[in-house]
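Have a look at the structure below before the remarks.
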Amino acid sequence: MVKISRSSFAALALCALLAATTQPAHAETDVPDPTGAVLDLVNDYRERHSAPPLAADAGLAEGAQEWAESLARQGEFRHSPSEVRGGAGENLFMNGGLPCDERDLSQAVDAWYRQVVDYDFHSHSFSPHVGSFTQLVWKSSERVGVGIAATPEGHRCMVVARFDPPGNVMGRFEENVLPLQRG
């Protein structure tokens with residue numbers, strides 16, 4: 001039988017606790033279907049503005065996931081080139097810390113929708129401060145795909161959503177970004 005002093009036992013217990021609660025050096029997400037995780041929320045916001053529900057699109061989701069991982073790896077926050085995403089519309093969101101999970105996805109969609117307070121339903125004009133909201137509720141969009149990735153250090157969570165057909169088409173805001181019908 002091996003004897004361990006109380007101080008050695010306490011030190012071992014502390015090490016075990018720290019090992020169990022410390023995030024890995026290469027943080028990952030545990031969201032098998034990011035699009036499915038937020039599709040109801042996305043469609044609820046769209047319904048509020050009389051926009052039809054979006055369908056999940058595996059191709060858009062694959063591209064969104066690849067771009068989210070690229071942003072996380074590079075520690076950048078920028079839209080992908082239009083040709084990379086096949087012309088699809090794109091919304092981005094970055095959140096701090098882990099875990100990088102469904103809550104980040106919901107926070108992303110909620111943040112995009114909160115831009116509604118800055119949209120002018122009388123002028124129906126584009127502004128960079130409302131582009132995520134207008135894309136979210138864009139009536140002519142039919143499909144969506146979502147990706148999520150954590151930076152290697154686990155300091156940031158990147159969310160990318162792609163929409164097709166894309167929104168934010170100049171001259172088409174009045175017919176595609178409709179006023180709130182229900183709250």
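Every number here is computed from the coordinates shown, using simple stated rules; none is lab data. Please read these numbers as outputs of a predicted model, since none were measured by experiment. FYI the Cβ positions are ideal-geometry reconstructions off the backbone, even for glycines, and counts take in every protein chain you see.
Show the residues, 5+ positions off or on another chain, whose built amide H is closer than 5 Å to the amide H of A55.
Distant-sequence amide H within range of A55: R143, V144.
Quick check on the range 24-182: take the gyration tensor over C-alpha atoms, sort the square-rooted eigenvalues as a ≥ b ≥ c, and tell me if it's rounded (a/c under 1.5), prolate or oblate.
prolate
Would you please name the chymotrypsin sites (Phe, Trp or Tyr not before Pro) within the range 112-183 that are DSSP coil residues with at most 11 other C-beta atoms within 10 Å of their C-beta?
Nothing satisfies the criteria.
For the range 36-104 and the range 116-139, write down the distance between their C-alpha centroids in whole Å.
Comparing the Cα centres of the range 36-104 and the range 116-139, I get a distance of 18 Å.
Does the range 118-157 classify as rounded, prolate or oblate by the C-alpha gyration tensor (a ≥ b ≥ c root eigenvalues; a/c under 1.5 gives rounded; else a/b over b/c gives prolate, otherwise oblate)?
Oblate, because a/c is 1.5 or more while a/b does not exceed b/c.
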